[in-house]
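First comes the structure, then the notes that go with it.
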Amino acid sequence: MKQIILTITLLSAQLMLFSFSLTKEPTTHTLTVKVLDLRNSNGVVQFTLYNKDGSIPDENFESYYRQLNSKINNESSIIRFYNLPLGKYAINILHDENKNGLIEKGWIFPIEGIGFSNFNSIGFSNRPSFKKASFNFKGNTTKTVKVIYM
């Protein structure tokens, strides 16, 4: 009888642990980022992810959280950042036509396409910052970022 009670108790404990693991929310998530309407399919698209206030602007790419490159197909590109914790993030895009990982500039403005989450235009009165570009990442999400050519 004691053996049966012990077996039932162990099975109950295992079932409770199993049901808890089924209902537990994942601690990391995936952010999918798309860019469309690039001016050509030359080079690569550099996707840079930031997670700290004050990290943008970052012209030399020294303050980022994660960075990935993706090929371009039919003037568009897509990337996935896996295993991200929930939090506040901002995205920076570089259409790196010459594949050197740098923002090429003319006199003042970039000559390659750039983009930031939450931005449809960039200029002297609309300069990117983490505060303006950031969004609350609450779970698996897809963001489309507009690439701007000056």
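All of the numbers you see were taken from the coordinates with simple rules; none came from a lab. Just so it is clear, the model here is predicted, and its values are computed rather than measured. All Cβ positions, even for glycine, are placed from backbone atoms using ideal geometry, and neighbour counts span all protein chains on display.
Could you order the peptides 44-52, 31-39, 58-66 from most to least packed, using the average number of other C-beta atoms within 10 Å per residue?
44-52, 31-39, 58-66
Note down the magnitude of the dipole of region 29-144 about its Cα centre, charges +1 on Lys and Arg C-beta and -1 on Asp and Glu C-beta and zero elsewhere, to the nearest 20 debye.
It works out to roughly 480 debye.
Just tell me which aspartates and glutamates come within less than 15 Å, Cα to Cα, of K146; anything on the same chain fewer than 8 places away is out.
The qualifying aspartates and glutamates are D37, E75, D96, E112.
Simple spin-label model, 7 Å along Cα-to-Cβ: N140 to N74 in nm?
2.4
Can you give the local net charge around I111? Use residues other than it whose beta-carbon is closer than 14 angstrom to its beta-carbon, Lys and Arg +1, Asp and Glu -1.
-3
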